[in-house]
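As C-alpha cells, the structure follows; a few thoughts come after it.
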Amino acid sequence: MSEHAITRRSFLAGSAGAVALTAAAGYVSFDAWEQAHADDTVESGETKTVHSLCNACSSKCGFTAYVVDGRLTKLIGDADHPYAQGKLCARGYGYSQIAYSKDRLTDPLKKNDEGEFEAVSWEQAYGEIADKVKAIVAERGPQALAMVQDPRPSGKYYTKRFMNALGSANVYTHGAACNLSKESGFTQAIGASSYASDVENSKMTMFIGRSYADAIRPSSVRELQRAHERGAHIVLVDPRCNNSITFADEWVPINPGTDLALVLAMSNVLVARGLYDKEYVAENGAGFEEWAAVLPEYTPEWAEKVTGIPAATIARLAVEFAEAAPAASIEPSWRGAFGCSYANSGETARAICLFNTLLGCWNQKGGALFTSGVSAGDVDKEKFPGVPKPEGKIAGSEEYPLALSSMGTNLFAAEQAKKGDVKGMFFYQSNMAAGYSNTAYLADALSNLDLMVVVDVQMSETAMLADYVLPDTSYLERLELPEFIGGMVPAVALRDQVLEKVHPNTRPVDQIFSELAEACGVGEYFRFGVDELADAQLKTVGLSLDTLKRTGTASFPDKEFSYGKAPKWKTPTEKVQFASDACEQAGLSRCPVWVEPAVMPMGDELRLIGGKQAIHSHTQTANVEDLMQITKDYDLTRVWLNADVAARMGIADGDEVEVTNNEHTGRVRCKVTQRINPTALYMPSHYGCSSPDQHTAYDVGLRQMDYVPFRMEPGYGAACTQETVVNIKKVGA
C-alpha cells in the first residue's frame, strides 16, 4: 500500500467504537474518525480542503477532504449536503482507501491468445476496440452493442452519449439487480418511479425489507431516530431482524417472498371495514372498483397461511395505519424486498402504492411525498451538440414492456449475448458477472461476445472476463459533472478532484469515453471538457463551477416542497391506477393480485435471502483492507439460521456448515439466532470474491449469486435474486 494511504492501524484504532455505532445507526461521526486518526497528525505542510462526493454507494454523500502535501488525512461529511448532514458512514470513510489500493488497475490491459492479460498502450487499446466496434456495426448494426453502467455523475452521461453516438439505444444500468421491479411497478401505479416517506413527521411508517441503520444515508438514520424519539410507530417487515430495530417498535418476521400477500390483506381490511379515505380515492383513483372486487379473497386469515404472520397482527397493523393516516405510509424500500427479488416484486410495488393511496397520504405531512427537484437546462448546442436519437429501442423493451427504459434489463442483454444477437458489450463500474444473477450463466453468456470492454479501478470478476480492461481513476482523482438531488429542498452537489493521479497512466471516465468515441469515428460529440460542460450545466440554474467548487453543495430554497400540494399523476389515466392496461398487455393482472414466488421451500429446504451490512456495498467495498478487517473481527461472513431450525439439525452457533443447491456448494460458519424467520437462510451479499487480483477480498465467504438461477421477472425483467432455495448441514455431520 502507498505511504499516502489511510492506514489500517490508524483506522482500526477507532474501529470498535465505529463498528458499534455503525451497527446501531449506520454512520460514523467525525469525532470517531478524528479519534481513529489521533496518531496521524501532521506537524507541518500545506493543507487544502476540497468538497467532493463519496462513491462507496449510489447515495453519493458530500464531504470535505483534507489533503496535506498531497496526502489525504481526513474526511468530514458536509453539513449542507442533504444526505450527509455532517456525517459519513463507515463505508464512506473506508472506501477512500481505494485510491491507494495495491490492487488498483494502473495500465490498459488486453487479454492475449493464452487468456492472460498484458499491458498495452492507450492508443493500441483504443485502436483495436474501435476496429472491433466498427466491424460489429458493419455486420450486425449498432443494436448489437450494449453498455451496462452503475450510474454515477459523469459515468451516466458519458456512457449513454458514447453508445447513442454509435447508434445504439442499449444502455443499461445495474437496475435489474437492484431496483428495477420497484421503480417499474411504482410507475405503473402512480406514474413516478419513486417517492419519499416523511418518516420523521409520521405517526406510523412500515419498512418492508429495508434497513436505514444498515448504512443507507446518514440523513435517513437521523430521521428514523427522530421519528422514534417522537413516538412514531415504526414497523419492520423483514424475514431478518435488521439493525433498524434499534429505532423500531415492532419486527414482523414475514415469510420471504410474501410481502404482496401482507399488503393485499391489509388493503382488504381497510376496504372491507370502510377505513380508507373514500373521498381521496374517488378523486385521485382510476379502477378502484375493479381492484376492490378482488380484495375480498385476501383476508388476514388467508394471508396468515401465506406469510406466517398471525391474522390478528395483520388486521391490527391495517387499523393502526388507518388511525395514523394521512401521517403514515409504507416506505418505498429498495433491493432487499421487492427491488429485484421475486417473481411478484413488481406487483408488490404496485400494491404498496395503492395501499398508500387508501390512506390518502400522498404529499401529506408524515405521509408519502413527491418532493421537489431541479435539473440542468439546455446548454449551448453548438458547443455541446446533441447526439442523434438511435433508431431502435433498447433491447428487451418488447419482451419486458414494464421495465423502465431509463434502466432496461441488463439480464436481457446478457441473454442476447448468449444467443449471439449482442456481440459487443461495455461495462462501466459494473460487476455484473459477480453480483447480478447466476455467475456461471453470466460468465458463459459474456464469453460469447466478440468484444468485451471493462472500465474499472480494480480487477473485478467482470474485468477478468473482458478482452480489454481500461483503468479508471478513483473517484478522488477526478472532477465530475454536477449531481442534482431531489428532496424537501432540492440541491446540487459536486464531485471535485481531491488528489492528483496516484497512477499516471489511469484516465477519468469522461476522457476514456471521449477518446474511445474519437477512435470510433464519432468524436465530434465529445469535443469539450468535463469542466466546460459542468460549468454550462450549472449556469442553467444560476450557478457556476467555481461557485460550487467553493461550497460543495448548493440548495434551491425557492423550490422547497410544500405539504398538501396535489400530485400530478403522470399515468395514462392521470390518476392513481388501481388497474393498468399496460400490465394486462404484459400478461399480468390489470389489478395487483396474489402471485406466488417462483420457488417455494420444500421439506428441509430454506429460501436463501441476501442483504447489505453496514460496512459494505455488495461486491464493491469487499477489497478495502480496513472494512474487510472489520468483517473478520466480527465474523460477518456467517450465514444466519433460525435457532429452532438449527437445534433440529444439530447445528450450533459458530459451526461450519455446507450450503448447497443445484447451482453451487460452499462452506461457511453459521450464526444461530432467533432473529430470522425459520424458513430462511440469510447470506450477506458482499463476499465470495473469485478474482485473485483482489487480494483482500479473494475467497472470503460465500457469494449469494452463485446459488441464484438465471431468471427474469415476467413483464418487468428484474433478476429475481431471492428465487432460490438451499439445503444446509453441519460439516462432518
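For Lys632 and Asp421 in one chain, what is 0.36 nm times their gap in residues minus the Cα-Cα distance, to one decimal in nm?
On the way: separation 211, 0.36 × 211 = 75.96 nm, distance 4.35 nm.
Gain in length upon complete extension: 71.6 nm.
Quick one: net charge around Ala324, please, counting Lys, Arg +1 and Asp, Glu -1 for every other residue with C-beta under 15 Å from its C-beta.
Numbers: positive: Lys203, Arg230, Arg316, Lys365; negative: Asp198, Glu200, Asp249, Glu250, Asp277, Glu320, Glu323, Glu331.
Net charge around Ala324: -4.
Mind checking the per residue accessible area of the stretch 606-730 for me, 1.4 Å probe, whole number of Å²?
Details: 4100 Å² over 125 residues.
The answer is 33 Å² per residue.
From the C-alpha gyration tensor of the chain, pull out the three semi-axes of the equivalent ellipsoid (sqrt of 5λ each), sorted largest to smallest, in whole Å. Write out the running numbers ahead of the final one.
Numbers: eigenvalues 283, 176, 160 Å².
Result for the chain: semi-axes of 38, 30, 28 Å.
Kirkwood-based Rg over Rh for the stretch 276-358 (C-alpha set), two decimals? Working shown, then result.
Values: Rg = 13.6 Å, Rh = 14.2 Å.
Result: Rg/Rh = 0.96.
Can you list the HN-Hα couplings for the stretch 106-121, worked out from phi with the Karplus curve (6.51, -1.76, 1.60; θ = phi - 60°), rounded to whole Hz and with x for Gly and Pro?
Coupling constants for the stretch 106-121: 10, 9, x, 10, 10, 7, 8, 5, 8, x, 10, 8, 9, 6, 9, 6 Hz.
Counting other Cβ atoms within 10 Å, which trypsin sites (Lys or Arg not before Pro) in the stretch 50-156 have at most 16 and lie in a DSSP loop?
Working: sites: Lys60, Arg71, Lys74, Lys87, Arg91, Lys102, Arg104, Lys110, Lys111, Lys132, Lys134, Arg140, Lys156; in loops: Lys60, Lys87, Lys102.
Passing both the DSSP loop test and the Cβ count: Lys102.
Just the number, please: Stokes-Einstein D of the stretch 196-369 in µm²/s, Kirkwood Rh from C-alpha pairs, 10 °C, 1.306 mPa s. Could the numbers behind the result be given before it?
Details: Rh = 15.9 Å.
D, rounded to a whole number, is 100 µm²/s.
For Thr551 and Ser58, what is the calculated FRET efficiency with R₀ set at 30 Å and r taken between the beta-carbons, to the nearest 0.05? Each step should come with its number before you reach the end.
Values: r = 23 Å, r/R0 = 0.75.
About 0.85, to the nearest 0.05.
In nm, give the distance between the simple-model label positions of Arg527 and Glu250, each being 7 Å from the Cα along the Cα-to-Cβ direction.
It works out to 6.5 nm between the two label points.
Could you tell me the relative contact order of the stretch 272-376? Use alpha-carbon pairs under 8 Å, at least six residues apart, and round to a whole percent.
30 percent
Quick check: residue separation of Lys729 and Met602 times 0.36 nm, minus the Cα distance between them. What number comes out in nm? Can you show the working numbers first?
Numbers: separation 127, 0.36 × 127 = 45.72 nm, distance 1.56 nm.
Here the answer is 44.2 nm.
Any idea what diffusion coefficient the stretch 45-100 gets from Stokes-Einstein, in µm²/s, Kirkwood Rh on alpha carbon pairs, 25 °C, 0.890 mPa s?
Values: Rh = 11.3 Å.
The estimated diffusion coefficient comes to 217 µm²/s.
Where does the stretch 606-730 land on Rg(C-alpha)/(2.2 N^0.38 Å)? Could the numbers behind the result be given before it?
Numbers: Rg = 14.5 Å, N = 125, 2.2 N^0.38 = 13.8 Å.
Ratio of Rg to 2.2 N^0.38 Å for the stretch 606-730: 1.06.
How much net charge surrounds Thr357 when only the other residues with a Cβ under 13 Å from the Cβ of Thr357 are counted, with Lys and Arg +1 and Asp and Glu -1? Walk me through the numbers on the way to the answer.
Working: positive: Lys278, Arg350, Lys575; negative: Asp277, Glu279, Glu283.
Within the 13 Å Cβ shell, the charges total 0.
How far apart, in nm, are two points set 7 Å out from the Cα along the Cα-to-Cβ line at Glu46 and at Glu128?
Placing both labels 7 Å along Cα→Cβ, they lie 4.0 nm apart.
Put a dot 7 Å past each Cα toward the Cβ at Lys111 and Glu290; how far apart are the dots in nm?
4.8 nm
Using a 1.4 Å probe on the protein chains only, how many percent of the accessible area of the stretch 606-730 belongs to carbon and sulfur?
Of the solvent-accessible surface of the stretch 606-730, carbon and sulfur hold 44 percent.
Specify the longest stretch of the chain that does not include any exposed loop site, a site being one of the GluC sites (Glu not before Pro) with a non-H, G, I, E, B DSSP assignment and at most 11 other Cβ atoms within 10 Å.
Values: sites that count: Glu3, Glu43, Glu46, Glu114, Glu116, Glu382, Glu391, Glu398, Glu500.
Here the longest run is 117-381.
May I ask what percent, to the nearest 5, of DSSP beta bridges between residues of the stretch 196-369 are antiparallel? All intermediate terms of the calculation are to be shown ahead of the outcome.
Working: 2 of 14 bridges.
In the stretch 196-369, DSSP labels about 15 percent of beta bridges as antiparallel.
At 10 °C and 1.306 mPa s, grab the translational diffusion coefficient of the stretch 520-661 from Stokes-Einstein with a Kirkwood Rh over Cα pairs, rounded to a whole number in µm² per second. If you can, show how the numbers build up before the last one.
Numbers: Rh = 23.3 Å.
Calculated translational D: 68 µm²/s.
Counting DSSP beta bridges with both partners in the stretch 606-730, what percentage is antiparallel, nearest 5?
Working: 13 of 23 bridges.
Restricted to the stretch 606-730, the bridges split so that about 55 percent are antiparallel.
The values are calculated or read from the model by the stated rules, or taken from the named source; none is laboratory data. Because the structure is predicted, anything quoted here is derived from the model rather than measured. So basically every Cβ, Gly included, is an ideal-geometry build from the backbone, and we count neighbours across all protein chains shown. Please note that ligands, DNA and RNA were not included when accessible areas were found on the heavy atoms of the full protein model with its side chains. Shrake-Rupley method; radii C 1.70, N 1.55, O 1.52, S 1.80 Å.
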